[in-house]
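For reference, the structure discussed in these notes is given below.
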Amino acid sequence: MKYYFLKTVAILFAINLISCSDNEPKENAIEQQKVELIKTAAAITPATINIQPYDGLDEEITNYIFAELNKVYPKVKLLAYNPLPQRAYYKPRNRYKADTILAILNNTTANGEHTVALTNKDISSDNGPGVPDWGIMGLALIKGKPWVASTFRVSKTNVKQQYFKVVIHELGHTQGLKHCPDKTCIMTDAEGKNNTENEKGFCKKCEAVLKAKGFIVDKFIFN
Ligand SMILES: [Zn+2]
Ligand SMILES: [Zn+2]
């Protein structure tokens with residue numbers, strides 16, 4: 001009797017061991033899955049995009065950019081109007097140095113956030129030796145925190161949509177995108193011209209990069 005009892009205990013113990021050894025990998029796998037999910041969520045937790053409008057820009061345009069960015073991205077914050085920084089002003093051409101604007105905003109933008117500067121004034125950037133003041137529509141560094149976009153060089157007949165395309169082209173650079181060979185892609189190199197009317201949206205390749213950063217890419221389509 002005692003023998004049978006011990007045998008039963010031994011069998012139960014063995015079953016228990018088996019079931020334990022059977023459960024453990026499952027639990028580990030679930031824990032591992034949880035860790036992976038948390039990691040993925042952290043990777044696509046969207047960084048705040050601040051919108052910094054500068055004095056002189058029509059409020060209707062500022063509100064349009066805010067509304068359009070809000071449709072494609074969940075964390076957009078509209079800041080109060082500010083005067084353009086005086087030290088960015090380049091009197092001989094009545095332009096503002098985009099590089100200086102970016103340097104200033106780089107210091108005032110928290111790590112992990114972005115700031116887009118909106119202006120109606122003409123902006124310029126150095127374009128190699130002999131071209132210290134090249135008029136541009138927008139400027140950003142690859143993976144940089146701030147970017148700047150100006151309405152000055154967009155067509156007066158389709159200001160808002162063309163301007164939004166400039167804004168999201170520079171946004172693309174801050175998200176790590178370089179220029180794209182597809183001329184209908186927002187990330188195409190304008191090569192000193194206004195190509196926005198030919199841009200229909202982001203190509204699949206550029207879209208994938210933005211999607212991974214938390215952008216609702218299906219809404220970046222222009223007719
Ligand atoms: Zn570009
Ligand atoms: Zn592209």
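For His173, the conditions (1) within 16 Å of ligand 2 (Cβ to nearest atom); (2) within 28 Å of Leu79 (Cβ to Cβ); (3) in contact with a helix residue (DSSP H, G or I) (Cβ under 9 Å, 6 or more places away or on another chain) are fulfilled apart from (3). Filter region 71-93 for residues that are surrounded by fewer than 19 Cβ atoms within 10 Å (Cβ to Cβ) and at pLDDT below 95; which is nearest to Pro146 (Cα to Cα)? Among them, the one singled out is Lys75. Which of the residues spanning region 197-223 are in a helix (DSSP H, G or I) and either of a type outside the set (Gly, Ala, Ser) or crowded, with 17+ Cβ neighbours inside 10 Å (or both)? Across region 197-223, the qualifying residues are Glu197, Asn198, Lys204, Lys205, Cys206, Glu207, Val209, Leu210, Lys211, Val217, Asp218, Lys219.
Cβ-Cβ contacts under 6 Å between residues 6 or more apart (or on different chains), taken from a first residue in region 206-223 that is basic (Lys, Arg) to a second residue that is surrounded by 16 or more Cβ atoms within 10 Å (Cβ to Cβ), are listed as Lys211/Val217; Lys213/Gln175; Lys219/Val72. Of the residues making up region 61-80, just one is among the charged types (D, E, K, R) and in contact with a strand residue (DSSP E or B) (Cβ under 6 Å, 6 or more places away or on another chain), namely Lys77. You will find that of Thr119, Thr188, Thr157, Thr115, the residue that is buried (at least 18 other Cβ atoms within 10 Å of the Cβ) and without any contact (Cβ under 8 Å) to a residue 24 or more places away in the chain is Thr188 and no other. Report yes if Ile221 is over 19 Å from Trp147 (Cβ atoms), more than 8 Å from ligand 2 (Cβ to nearest atom) and in contact with a Gly (Cβ under 8 Å, 6 or more places away or on another chain), otherwise no. Yes.
Within region 207-214, does at least one residue satisfy the condition of being under 18 Å from the mean Cα position of the chain (by Cα), within 13 Å of ligand 2 (Cβ to nearest atom), closer than 21 Å to Leu102 by Cβ and of a type in the set (Gly, Ala, Ser)? So far as region 207-214 goes, no, none of its residues is under 18 Å from the mean Cα position of the chain (by Cα), within 13 Å of ligand 2 (Cβ to nearest atom), closer than 21 Å to Leu102 by Cβ and of a type in the set (Gly, Ala, Ser). Would you say Cys180 is of a type in the set (A, V, I, L, M, F, W, C), away from ligand 1 (no atom under 11 Å from the Cβ), more than 21 Å from Tyr64 (Cβ to Cβ) and free of Cβ contacts under 8 Å to residues at least 60 places away in the same chain? When the stated conditions are applied, Cys180 does not pass them.
The values are calculated or read from the model by the stated rules, or taken from the named source; none is laboratory data. None of the values given here were measured: they were computed from a predicted structure. Cβ coordinates were reconstructed from backbone atoms using ideal geometry, including for glycine residues, and neighbour counts include every protein chain displayed.
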